[in-house]
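**Student:** Submitted below is the structure of interest, expressed as structure tokens.
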Amino acid sequence: PSQSAGTQWEPENRWGWSQSEVGFADSQPQPSTEHSIQVRLAGDKRKHNEGRAEVYYNSQWGTICDDDFSIHSANVFCRQLGYVEAVSWYPGSKYGKGEGPIWLDNLYCTGRESSIAQCTSNGWGVSDCKHTEDVSVLCSEKRIPGFRSEDPLLNQIEVSKGGAQVGEGRLEVLMNGEWGTICDDGWSLHSASVACRELGFGTAKEAILGARLGQGIGPIHLNEMDCTGFEKSITDCKFSKEIRSCTHEEDAGVRCNIPAMGFQTQIRLNGGRTPYEGQVQILHEHNGTLIWGSICGEGWDIMDAMVVCRQLNLGYASHAFQETWYWYGDTDADNVVVSGMKCSGTEMALSHCPHDAKVSCPKGGGRYAAGVSCTETAADLVLNAKEVEETSYLEDRPMNVLQCAMEENCLASSAVNTSVSHGIRRLFRFSSEIHNNGQADFRPKTGRHAWIWHECHRHYHSMEVFAHYDLLDSNWTQVAEGHKASFCLEDSNCIDGVQKQYECANFGEQGISVGCYDVYRHDIDCQWIDVTDLKQGDYIFRIIVNPNFEVAESDYSNNVMLCNVRYGSLRVWVYNCHIGKLGFYFSFFLILNNYGTCRDKLCISKIVLSSSRSGNKL
């Protein structure tokens, strides 16, 4: 179910919507009650934005009678859940009869209220209705930008792309504006089933212990979960907030039962050496007959391949091939039937991905058909936010010692006009500490034979771009940038019990082992952003590792880190760094501005399934 309480919105946001454009008014009616309430959508066979309207009052969930209910009341209810507006409402318990008290009857809202509690009614619990009259609402899919709940319960249930299969992953909850995990102490099939149903799946197939689907980051919010299996929400279960000796090596996960949707029969891999690789072929209709066809390899990328591997229950994508001449597939399926595939990587099937309305593939199929290679395990890179905050500073560096950095395009374009003998460049420097929290080592995409030799620094680059560094203004426009090539991936340090495997020698193997981290120190070349031309002021600092998705990971959404930066005349302040959700930058403002913190109460606003300092480099 989805639920919320008192809410706060940004008056302006980066999409340019104002309060009036999403249905807010400057004046609000006076509340008819001093009580703040939570609301949620519940019921059977529903989507996340529809269901029976329920309110939490006096420590108990109840329903709303459909008498005198209107679209205005539905609008208030939906906005309280974070949706822009209501699409419709339904009388007569469309999503099943509720339980408990009928809290509100003859509810009347003008549509301008910010909470159902501000509308008029017969009074709390005063009703002559039966649960056959429970009202339901359908909310718009569109969310209010900048919406955040102060609800001590769950605000929204959603599934991230963490697990290899649909319905599996590490459980994460958002409390007090900060993502965290659940310790596996006491984690059982009963508790996992409650979480699965709350996420929109069936019961749990397996309660996963010991961070088998990857380690999380940030705090461990909950411990010793004790559910009977019949609860509607994990917040209805008994639990402890005392973490004691829990670590992220004990993060709990779930594998949920999902309905058979027939996705696996829609595609196949053909011609590969193993069942985990091959040309991707899809079943399509031609002249009334179902036949196999291929996908155009042009533009085919790792996100498309991720969907294929998930759809076939083969795990994660390790490679996306735009040419497959080395695989002898079914020549009858060489005909290209789809081109321009543009998956986000989270879809359950290729049929859910956008693609060209009309096939356009100049090279045709055959050797240029799309292919994939899948793997059951994958790495998962996560940045250490604290390390960036503690190591940031400004340096004015003479141009005569920056010639190698100039050759590797690590300076701003204006550097070409800077005098080599007398010029100075101002650099914003910092360290990057990248952890591998996944289930497989992070290894360069290409073998040693394909690494690029850089004469000036006299080392090989195993990945030409390992990280992007950007400074953005308040409009999210890039105003300064940097990048770091991966000239050496190594295990700078590891957690207890894990042995280093990869060390920097520029002739050995490179990688980051599971449970280890790689450190790019602030004092090495190109570990900076050139801010010589930047005006003083406030900015957003963004780091993205593995930005081109060259190496397979179980979760790309945690590859981005966002920070506040204040750039002064003599120093730089970096603060509020946190791991972002790639592509969901609006949540950054919510956390940084600390809207509506919860102090002494349990404040969970989201639950998702997720995937899953020393050293020097020359």
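The values are calculated or read from the model by the stated rules, or taken from the named source; none is laboratory data. Just so it is clear, the model here is predicted, and its values are computed rather than measured. Glycine gets a Cβ as well: all are built from the backbone with ideal geometry, and neighbour counts include every protein chain shown.
**Student:** For a quick check of your reading of the model, give me the residue pairs whose first member lies in the stretch 350-376 and is at positive phi, whose second is of a type in the set (F, W, Y) and surrounded by fewer than 18 Cβ atoms within 10 Å (Cβ to Cβ), with beta-carbon atoms closer than 8 Å and at least 6 apart or on different chains.
**Tutor:** G366/W325
**Student:** Across the stretch 524-560, which residue is surrounded by the fewest Cβ atoms within 10 Å (Cβ to Cβ) among those that are of a type in the set (V, I, T) and closer than 19 Å to T346 by Cβ? Working first, answer last.
**Tutor:** We begin by selecting, within the stretch 524-560, every residue of a type in the set (V, I, T); these are 524, 529, 531-532, 540, 543-545, 551, 560.
So of that shortlist, the ones also closer than 19 Å to T346 by Cβ come out as 544, 551, 560.
Details: I544: 20, V551: 23, V560: 22.
So the residue we want is I544.
**Student:** Considering only the stretch 459-474, I want to know if a residue exists there that is in a strand (DSSP E or B) and of a type in the set (V, I, T).
**Tutor:** The first filter runs over the stretch 459-474 and keeps only residues in a strand (DSSP E or B), leaving 459-461, 463-472.
Cutting the leftovers down to of a type in the set (V, I, T) gives us 465.
Yes, there is a match, as at least one residue in the stretch 459-474 is in a strand (DSSP E or B) and of a type in the set (V, I, T).
**Student:** Would you say M348 is closer than 20 Å to E550 by Cβ, out of contact with any strand residue (DSSP E or B) (no Cβ under 6 Å at 6 or more places or on another chain) and not in a strand (DSSP E or B)? Let's see the steps before the verdict.
**Tutor:** On the way: closer than 20 Å to E550 by Cβ: no; out of contact with any strand residue (DSSP E or B) (no Cβ under 6 Å at 6 or more places or on another chain): yes; not in a strand (DSSP E or B): yes.
Spelling it out, it is not the case that M348 is closer than 20 Å to E550 by Cβ, out of contact with any strand residue (DSSP E or B) (no Cβ under 6 Å at 6 or more places or on another chain) and not in a strand (DSSP E or B).
**Student:** Which of (1) surrounded by fewer than 22 Cβ atoms within 10 Å (Cβ to Cβ); (2) under 26 Å from the mean Cα position of the chain (by Cα); (3) more than 20 Å from S431 (Cα to Cα) does G508 not meet, given it meets every other one?
**Tutor:** Only one criterion is unmet by G508, namely (2).
**Student:** If I filter the stretch 50-83 down to residues being at pLDDT 90 or above and of a type in the set (S, T, Y), which single residue comes out as surrounded by the fewest Cβ atoms within 10 Å (Cβ to Cβ)?
**Tutor:** Once the filter is applied, the top-ranked residue is S70.
**Student:** Could you pull out every one of the strands (runs of 3 or more DSSP E) wholly within the stretch 360-404 that has 3 or more residues that are aliphatic (A, V, I, L, M)? Walk me through how you get there before you give the answer.
**Tutor:** Details: elements: 371-375, 381-383, 393-398.
By residue number, 381-383.
**Student:** Only residues that are buried (at least 20 other Cβ atoms within 10 Å of the Cβ), aliphatic (A, V, I, L, M) and over 14 Å from E231 (Cα atoms): list them for the stretch 182-219, please.
**Tutor:** Correct list: I182, A207, I208, A211, L213, I217.
**Student:** If you scan the stretch 110-121, which residues turn out to be modelled with pLDDT of 90 or more, in a loop (DSSP other than H, G, I, E, B) and either over 39 Å from the mean Cα position of the chain (by Cα) or among the charged types (D, E, K, R) (or both)?
**Tutor:** S121
Residue-by-condition table, conditions (1) part of a loop (DSSP other than H, G, I, E, B); (2) closer than 16 Å to E389 by Cβ; (3) not assigned by the TED database to the domain that holds A415:
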site: V519; (1), (2), (3): no, yes, no
site: C526; (1), (2), (3): yes, no, no
site: T532; (1), (2), (3): yes, no, no
site: K535; (1), (2), (3): yes, no, no
site: Y539; (1), (2), (3): no, yes, no
site: I544; (1), (2), (3): no, no, no
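**Student:** Right, something else. Looking for something in a loop (DSSP other than H, G, I, E, B), buried (at least 20 other Cβ atoms within 10 Å of the Cβ) and at pLDDT below 90 - is there at least one such residue anywhere in the stretch 561-579? Steps first, please.
**Tutor:** Here is the first cut: in the stretch 561-579, the ones in a loop (DSSP other than H, G, I, E, B) are 568-571.
Narrowing the set further to residues that are buried (at least 20 other Cβ atoms within 10 Å of the Cβ) leaves none.
No, because not a single residue in the stretch 561-579 is in a loop (DSSP other than H, G, I, E, B), buried (at least 20 other Cβ atoms within 10 Å of the Cβ) and at pLDDT below 90.
**Student:** Do you know which residues across the stretch 270-300 are touching a Phe, Trp or Tyr at 6+ places or on another chain (Cβ under 8 Å), closer than 16 Å to E323 by Cβ and hydrophobic (A, V, I, L, M, F, W, C)?
**Tutor:** Result: C296, W300.
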